[in-house]
Structures are given as structure tokens and as C-alpha cells.
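Engineer: Pasting a structure below so you can have a look.
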């Protein structure tokens, strides 16, 4: 039986099917890249591990699109004409704690208005807030983009879990992975590859991200020779619903707290208001800095035993007058947001109850290292959107939606130009065999290490040691435990399910292989960064150290081993102050620097 | 004692692998009941603790009613597994009139 299964899953490399460009990932960055690459005349294949328009993080976004007020006025969105690209650039970097690659930020602010206008022209529903943001919803973004992709009759492969980048002569030559519904391993050739697969939040047990965001393509890029960057940087969204289960992971209270309501500890005290500088409270409730500040404050409350039974805090609207709530309902008619009806939750909250909320893994500032052309360090491989690293430094305060449009287009342009210069390569046979063997090995073993248990164990390591507040002891423990899993458990990982079609255990087993690379890269980077900067908080190194740590951490595979190096952050126009400061001081400093 | 206060529920699931089976059959599992738990929670529990071979859509599910790919039927009534609350014993089947890939996973969602 086992041998039969093994026989049936020899990797199939199609001779007939090849493309100029394969785009892996069908969220906003992948869809936008597909539209651009198609319009530039390339033959493309858009690959989704779920279904295009029905998977990925974009559909779940709040969502806003940010651009400078001056640029907005030029595309007809008036009200903030005195704002400029220079100011926007400055704000993103100061609040990113100067770890941003300034070349990436320049591209972001430069292209934001043009990318926004396209979405409006394509019929996206939106509200302009008169400052720096267009408010819309993830579902609108997806509908608009999927509509454009459909018009162009772009070839799409759904439910295909790409696991590896095929290479030849140190260049990308194709992809290989699991066709989930067929249960077969297939390889497809292309001249260039664009990765647009979002973050790896699903490695944690509590996250606002949908299934599938487990960093598989980060690991694939890494194994193929591309560098990863600042993998220690993880943004947590505070005030995410812990219970009831049907709403678990929903960020609606986070959206509401920008308007009203309080975060309470188990004594009913609004701890942020009570315990922090009034300026910090003001910043937390009025700016995009809210994610960082609330997450940190709530984590400290839970750590000292003042949290809720499920390990969170409480969101309450008890003190909000009913007519103010009625006004807010006009923004979310019928208390519907995205596709969820929150009427019963709001009614329950109105009666004076409080919903349990906690920080959830939400956005990755780090990722696959790219330059301003979206090129990775592997020839022919590009990355766009959240899976790429460097744009937002150590704290994202501007929109990740703008990021997917801007970088999706940049990656498409670069990949198309490259694909015109090169010929289709035949992937390295040895690598194909290696990948095939790695993917199918868990199916052929009769051992005791189950994917379900290993996945749980890995999540536990991430939750315990790579959460909002980190420390050296915990990070060392995480690295040691992960190394032990790689050494002792991974070679014994065994899938019991014999059926090949939609084999959930097999999907989990393949995810685990990549997850370990991603989490080890993150844990080692977090251990190496002996300071606190933005979302990376080390209780043993609480100071932000601009004297020594205005450096990016680069992770690469060298001779089969994970190697970490650092390099100075890319600076173009804005020189960082060479000082050290603590958390609250850092925020107050930045506010003064911003002049607001 | 009403049925919601019982500690466990009986869950009957339609099993079908088109590559080997000629027709579907049912398999029954006993699952600990938690107030407000969803059908997805029940399926996760079975997968993690009782039977890792069951197939139900979850690899990219959004848990927010957005992707609507976890659609199935509970006691013959269609619904999303991520948002359907459990009321007691139940029979879970794939959405009718869709080609079954395996168990509860169908083509075309």
C-alpha cells in the first residue's frame, strides 16, 4: 500500500506547459502583479494555494489605502493639499524606527497616488477621509482586482501548494508543489517567478490571518538561495476577539477602539489610561501606533496576572453614550463589517458586558529581502507585498494595501523585463528529485511522529518565545527546541492518511518542513537583535540602540546551514539620530520629531 | 437535562474517497461539547484527536464568512462550517450537487 502511494506521486514535470512568469499568491499583490504582467505582454500563470479572490490576507483587510494628501489632491481627492510626499516619507521612517529601506519607502510614496487612482477607475467602493487614507474593505479590493483579472482571461491554478522554487545555474527556473485536490506533485517551468504570498502569521496559534499564511514561500525562497530580512519583526494587532469561537481572530474591536471604548483589565480598570503618559494614551487611541502600544500594554497586564480567564483583556463600550453608537452604526450599517453581522455582539456590549480580546499575530515587517525593483538575491525571483521585507522597518504605520499595489506593479515590470532577456531553462534534475523525496517521505514512513502533534508543538514554541515581549533565555530555548525537532522529529514525520486527494495531514507535514526554517530564522534574528526596536521588544534589552542597531539582519542558507549577518540599513535622505532611548521616550521623541 | 448540557455529542460524517469507494458511508465520532463551538471546531477536534484521515476544507479558510469555501451541510441544511454553531448531535455531509473530492471537500467552491 505504501509503495503504491509512493509510485503514484513521482513528480510530474510538464513539457507542454511553461510561462514567462509564474506568480505565486493570489491576494492583492499577486492579483495586481498579474494584471500588470499581462498588460505588458507576458504569458503568466497565477497560482493560489487556495482560490484566487477567496484566500490570502487581502480579503480580510480593514482596509485603508494610504497616500500623501498632495498626491491625493492631484487625483481628485481634496482636503489635505499641504501634505507632501516628503512628509509622508518622513513619517513612515520615523515611526518605523529608521529601520526602513528608504529606497523602498521612496517607491511607495511615489507610486501610491497612481496605484490608488487605478483602483478607483476600476470601480472600487471607497470613502476618502480627507487626510491620507481611502477607507474601503478587503472584500471590495478583491472584487475589483478579480474582476480585472477575469477580463484578461489570465490562467489560474487554484488549490496548488507551491513548496519550492526550481533553479538552474543559480537562477529561478520554475516551481514545484502539491496539487491539493489531485494529490499529485507537479513542476512547472517559467522564466521568472514572483512571490506574493503574504506573511507567516498562521505559525502562531492566535492570529487575525486566514489559513495558508504559514511562510511556505519564505522557506522556498530561502532554500533556493534568496536572503530573508528582519525576520524578528512581527506586528501584533491588539483587541482581537478571543471568544466566542465563531468570532475568534476577528479584529472588529480593534477598528472600534479607534472611535470609542476602553481596554480593561480584570478589575475593570482602563489600564492604558491609568498607567501610561497621557501623550502615549493619545497616540495609542488616535494613530496607527495603536497596534504596538496596545499590544505591549495588554501583554504586560496578562503577564502580571491581571488579564481575563482566556489570557486576554476586555474591550468595553460601557461608557459610550448610545447616540454616539448610533452615529457609528452609520459607518457600519446594521453593524455589518466585511461579511460578519456584529449586531448581537454590539447589543451584548451595550448591556454593559465586555468582550475578551488579545493581541494576535497580524503583519510581518520582515520577509524576503528585496531591492527597489522587487528583485530578491536570486536571479529571476521577485517578491511583492507582505512576503517581502524592509519597507516598513520595525513598525508599520502606513497601509499594507498600498504596499501590495505598489510592489505588485514594480515586481511585474521587473519580471517582465527579465523574462524578455532570458530563455526558458530546464530545472536541475537533482533538485527535482530532492524535492520529490522531501515531499513524499512522510507518506512512505511508518513512524510515530504525527503532523498534528508536531504542528502543535511548533505553535507552542512560537507562542511562548516569539510573542509580543521576548527575552534572550526564551529565544535560546526556542532555537534549541526547534533544532531538536529538525534533528529528531522531522526525519520521523509520518502521515497516516493513505488517500492522496485533499490529504490534510500531508498538507500539514509539508507546511511543517517550511515552518521550521521560517521560525528558526525568526528566533535566531530576534536573539541576535540585542535591543528593542518598534514591534521587536526584548525585556532584557529594553533600549532602542541607534548607535549599534541601525542594521538589518540577513538570513541565508550557506552550504546547507542557516547563516545570519547584519548590514547597515539603506538610507537615502533621512539621517537617523544616533542615540539610545526607552519605549515611552522613543514614542515621545518621535512625536516631537513628527511635529504633530 | 437538555441535550446542550450533555458533555459529548455524536457527530456522523459522510466519508467518501472517489479513488477507491463506490459510494459514501457514514462514520460516527463522539466529540466533547463546548458552548458556542462551531462545526469547524468539531471537525478540527476530530482531525487532531480522533481521526486524521477526514477531509474538510480548512487549508486556506478565512473563518470570517468571506471565502465561503467551507460550505457543507449540517443535518441537511447548508452552511459555513466556520460560522455554524453546534446545537447537539449532527450529521455532516458535503454540499449536494457538487463533485466530491474527498469526504466533505467538493470541487467548485
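The values are calculated or read from the model by the stated rules, or taken from the named source; none is laboratory data. Values in this document were obtained by computation on a predicted structure and should not be read as measured data. Here the Cβ positions follow ideal geometry from the backbone for every residue, glycine too, while neighbour counts run over all protein chains shown.
Engineer: Is it true that residue A:136 is more than 30 Å from residue A:505 (Cβ to Cβ), in contact with a helix residue (DSSP H, G or I) (Cβ under 9 Å, 6 or more places away or on another chain) and free of Cβ contacts under 8 Å to residues at least 40 places away in the same chain?
Structural biologist: It is false that residue A:136 is more than 30 Å from residue A:505 (Cβ to Cβ), in contact with a helix residue (DSSP H, G or I) (Cβ under 9 Å, 6 or more places away or on another chain) and free of Cβ contacts under 8 Å to residues at least 40 places away in the same chain.
Engineer: Output yes when any residue across segment A:190-197 is outside any helix (DSSP H, G or I), touching a helix residue (DSSP H, G or I) at 6+ places or on another chain (Cβ under 8 Å) and within 14 Å of chain B (Cβ to nearest Cβ), and no when none is.
Structural biologist: Within segment A:190-197 (the criterion being outside any helix (DSSP H, G or I), touching a helix residue (DSSP H, G or I) at 6+ places or on another chain (Cβ under 8 Å) and within 14 Å of chain B (Cβ to nearest Cβ)), the answer is yes, since at least one residue qualifies.
Engineer: Sticking with this one: Select from segment B:36-57 the residues that are touching a helix residue (DSSP H, G or I) at 6+ places or on another chain (Cβ under 7 Å) and within 7 Å of chain A (Cβ to nearest Cβ) and list them in ascending order.
Structural biologist: B:36, B:37, B:38, B:41, B:47, B:48, B:52, B:55
Engineer: For a quick check of your reading: which helices (runs of 4 or more DSSP H) sit entirely within segment A:288-365 and have at least 3 residues that are under 16 Å from residue A:254 (Cβ atoms)?
Structural biologist: Of the helices (runs of 4 or more DSSP H) lying wholly inside segment A:288-365, those with at least 3 residues that are under 16 Å from residue A:254 (Cβ atoms) span A:290-303, A:343-350.
Engineer: If we scan segment A:447-459, do we find a residue that is out of contact with any helix residue (DSSP H, G or I) (no Cβ under 7 Å at 6 or more places or on another chain), surrounded by 15 or more Cβ atoms within 10 Å (Cβ to Cβ) and away from chain B (no Cβ under 14 Å)?
Structural biologist: The answer is no, given that none of the residues of segment A:447-459 is out of contact with any helix residue (DSSP H, G or I) (no Cβ under 7 Å at 6 or more places or on another chain), surrounded by 15 or more Cβ atoms within 10 Å (Cβ to Cβ) and away from chain B (no Cβ under 14 Å).
Engineer: Can you tell me which residue within segment B:82-91, out of those that are buried (at least 17 other Cβ atoms within 10 Å of the Cβ) and either modelled with pLDDT under 95 or within 26 Å of residue A:506 (Cα to Cα) (or both), is farthest from the chain's Cα centre (by Cα)?
Structural biologist: Per the criteria, the residue is B:83.
Engineer: In segment A:7-48, which residues are free of Cβ contacts under 8 Å to residues at least 60 places away in the same chain and part of a strand (DSSP E or B)?
Structural biologist: Within segment A:7-48, A:15, A:16 meet the criteria.
Engineer: Still on this structure, please answer the following. For segment A:49-61, which residues satisfy the criterion of being within 14 Å of the chain's Cα centre (by Cα) and either within 9 Å of chain B (Cβ to nearest Cβ) or part of a loop (DSSP other than H, G, I, E, B) (or both)?
Structural biologist: A:55, A:56, A:57, A:59, A:60, A:61 - these are the residues of segment A:49-61 that are within 14 Å of the chain's Cα centre (by Cα) and either within 9 Å of chain B (Cβ to nearest Cβ) or part of a loop (DSSP other than H, G, I, E, B) (or both).
Engineer: Check residue A:431 against each of (1) at pLDDT 95 or above; (2) within 19 Å of residue A:517 (Cβ to Cβ) and name the one condition it does not meet.
Structural biologist: So the condition that residue A:431 fails would be (1).
Engineer: Hey, could you check segment A:299-312 for residues that are in contact (Cβ under 8 Å) with a residue 60 or more places away in the chain and touching a helix residue (DSSP H, G or I) at 6+ places or on another chain (Cβ under 9 Å) and say which is surrounded by the most Cβ atoms within 10 Å (Cβ to Cβ)?
Structural biologist: A:312
Engineer: Quick test for you: out of A:83, A:91, pick the one residue that is free of Cβ contacts under 8 Å to residues at least 60 places away in the same chain and either surrounded by fewer than 21 Cβ atoms within 10 Å (Cβ to Cβ) or under 23 Å from the mean Cα position of the chain (by Cα) (or both).
Structural biologist: Of A:83, A:91, the one residue that is free of Cβ contacts under 8 Å to residues at least 60 places away in the same chain and either surrounded by fewer than 21 Cβ atoms within 10 Å (Cβ to Cβ) or under 23 Å from the mean Cα position of the chain (by Cα) (or both) is A:83.
Engineer: Turning to a different aspect of this structure: Which condition does residue B:107 not pass, out of (1) surrounded by 13 or more Cβ atoms within 10 Å (Cβ to Cβ); (2) facing chain A (nearest Cβ under 8 Å), if it passes all the others?
Structural biologist: Here residue B:107 clears every test but (1).
Engineer: Oh, and also: What's the number of the only condition in (1) under 23 Å from the mean Cα position of the chain (by Cα); (2) in a helix (DSSP H, G or I); (3) touching a residue at least 40 places away in the same chain (Cβ under 8 Å) that residue A:284 fails to meet?
Structural biologist: (3)
Engineer: Could we say that residue B:94 is in contact with a strand residue (DSSP E or B) (Cβ under 6 Å, 6 or more places away or on another chain) and away from chain A (no Cβ under 11 Å) here?
Structural biologist: When the stated conditions are applied, residue B:94 passes them.
Engineer: Sort out which residues of segment B:58-81 are surrounded by 24 or more Cβ atoms within 10 Å (Cβ to Cβ), in contact with a helix residue (DSSP H, G or I) (Cβ under 7 Å, 6 or more places away or on another chain) and either more than 7 Å from every other protein chain (Cβ to nearest Cβ) or farther than 16 Å from residue A:55 by Cβ (or both), and write them in order of number.
Structural biologist: B:70, B:81
Engineer: Inside segment A:573-596, can you point out the residues that are exposed (fewer than 14 other Cβ atoms within 10 Å of the Cβ) and at pLDDT 95 or above?
Structural biologist: Once the filter is applied, which keeps residues that are exposed (fewer than 14 other Cβ atoms within 10 Å of the Cβ) and at pLDDT 95 or above, segment A:573-596 yields A:573, A:575.
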